[in-house]
Amino acid sequence: MRDCLFKGVNIFSKVLFIFFALIIISGGYLMAEVKVNETSFGKLDDGKIVKAYQLVNDKGMNVKLISYGAIIVELKVPDKNSKPIDVVLGYDDLKGYVNDTFFLGATIGRYANRIANGGFKLDGKVYKLAKNDNNLNHLHGGVQGFNKKLWEPEVLKQGVRFTYVSKDGEEGYPGNLKSEVTYILTDDNRLEIDYKAVTDKTTVINLTNHSYFNLNGQGKGNILDHIMKINGKFYTPVDNTLIPTGEILKVEETPFDFTKPLAVGSRIDKVSPGYDHNYVLNKLQDELALAVEVYSPDTKILMQLYTTQPGVQFYTGNFLDGSMSGKSGVHYNKHTAFCLEPQHFPNTPNIGHFPSATLRPNETYNQKIVYEFRLK
């Protein structure tokens, strides 16, 4: 009987231990829960409301998104003094994004980057697109690309999913395309962006995010002191209209070599007016891998970019000319930010040996981008 009593006590103790352990784990989970707050960001001319979503974790990082363009409006991370600083360019109000011509923070589609001469042939049929890039080439999905569309939002546990249906023929592209962009903020300061799309007719697709980063803080000078490392041994050279020539060349012994950490401005004068080039990443197809690392010696913030895409466009804000007024009235000048746009290669629909950007009705487009922030 005594043995039975001790066994009973031991079982009770184990159950009690498990019970309290679950409470502690649950409490820790609740403490680490990412909060999602919904507000209004303004009203479009047609009366439709644009919603804003603030994602906040307990590590000092928060992200603000809007349903117009599925845009990243703010991205605040703690600096060396534990002070949250906004590291992306943007505008204070909806009007700024409606009038924007620089794609600040936007979701880009149907096809990110350039398509030569505003057209391509697919399955024997020629499709004509807008020549909205100096009247020469097609850029970032056209005159009214995905960055100018109102997306349907859905609040998730740690983020927001935006959905948009692009109708057959919109901006010249074939097929009714349903796209989803899901933003998730984790408690270890990772912003994850998942892209998914399906079509009812064979089409081309290349979705990405077009945030402009300055790890010193938006509006805090230029990014030429940032230390960059790109895990890409090859790049795709371009002609004078920024269309790839079709070549894939080594970056070794060129100003494009960032295989080792190097200041962005160290050789930028040799690439006038600056970098705006696609890098071929050292990775397997569809593998989520570390593509780029960028570090600010000033704030000590390190940003790591992961992607499943085969390439990344490195752009140093060459066309920013101080003409538009950003957050708090700051005027953004040349080289005050950089973009890293994970992507299929520019003009892929016209260059057969580039990794295919074709999506067929029996397929699902899946891509992922991860921005991870920490101090170094």
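We did not get these values from a lab; they are worked out from the coordinates using the rules stated. Since we're looking at a predicted model, the values are computed, not measured. Backbone-built Cβ (ideal geometry, glycine too); neighbour counts: all protein chains shown.
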(request) Note the full-extension length gain between Lys233 and Lys43 as 0.36 nm times their separation in residues minus their Cα-Cα distance, in nm to one decimal. (result) 63.8 nm
(request) Would you calculate, for the chain, the mean residue ellipticity at 222 nm contributed by helices, counting each DSSP H stretch of 4 or more residues as -39,500 (n - 2.57) and dividing by all residues, to the nearest 500? (result) -3000 deg cm²/dmol
(request) Read phi for every residue in the range 234-243 and hand back ³J(HN,Hα) as whole Hz from Karplus 6.51 cos²θ - 1.76 cosθ + 1.60, θ = phi - 60°, with x for Gly and Pro. (result) 9, 9, 10, x, 10, 8, 6, 10, 6, 9
(request) Pull out the extension gain between Asn176 and Asn134, defined as 0.36 nm times the separation in residues minus the alpha carbon to alpha carbon distance; nm, one decimal. (result) 12.3 nm
(message) For a quick check: with amide H placed at 1.01 Å from N, whose amide H comes under 5 Å from Tyr212's, ignoring anything fewer than 5 positions away on the same chain?
(response) Leu89, Gly105
(request) Only one of the values (i) 47; (ii) 50; (iii) 37 was calculated from this structure for percent of Cα pairs over 31 Å apart; name its label. (result) (iii)
(request) Rounded to whole Hz and in sequence order, give me ³J(HN,Hα) for the range 144-157 from the Karplus expression 6.51 cos²θ - 1.76 cosθ + 1.60, θ = phi - 60°, writing x for Gly and Pro. (result) 10, x, 4, 5, 10, 10, 8, 8, 8, x, 9, 6, 10, 4
(message) Using Cα springs under 10 Å in a Gaussian network model of the chain, which residue among Val50, Val126, Val165 shows the largest mean-square fluctuation?
(response) Val126
(request) In nm, give the distance between the simple-model label positions of Asp188 and Lys80, each being 7 Å from the Cα along the Cα-to-Cβ direction. (result) 2.5 nm
(request) For a footprinting-style exposure proxy, rank Thr364, Thr254 by other Cβ within 10 Å, fewest first. (result) Thr364, Thr254
(request) Determine the gain in length on full extension of the stretch Lys95-Lys121; use 0.36 nm per residue of separation and subtract their C-alpha separation, reporting nm with one decimal. (result) 5.7 nm
(message) Using a Gaussian network model on the chain with a 10 Å cutoff between Cα atoms, which of Phe234, Phe103, Phe319 fluctuates the most?
(response) Phe319
(message) Using only Cα atoms and rounding to the nearest 10 degrees, what angle (0 to 90) does helix 2-31 make with the longest principal axis of the chain?
(response) 30 degrees
(request) Would you mind telling me which residue in Asn222, Asn278, Asn318 has the biggest mean-square fluctuation in a Gaussian network model of the chain, where springs connect alpha carbons within a distance under 10 angstrom? (result) Asn318
(message) Sort Thr107, Thr241, Thr101 by Cβ crowding within 10 Å, fewest neighbours at the top.
(response) Thr101, Thr241, Thr107
(request) Report, in debye and to the nearest 20, how large the dipole of the range 36-375 comes out about its Cα centre when Lys and Arg carry +1 and Asp and Glu carry -1 on their Cβ. (result) 100 debye
(request) Provide the FRET efficiency to the nearest 0.05 for the Leu288-Thr364 pair, computing r from the beta carbons and using R0 = 22 Å. (result) 0.85
(request) Treat the count of other C-beta atoms within 10 Å as a stand-in for reagent exposure and order Asp257, Asp168, Asp46 from fewest to most. (result) Asp46, Asp168, Asp257
(request) Counting only C-alpha contacts under 8 Å and six or more residues apart, can you give the relative contact order of the chain as a whole percent? (result) 16 percent
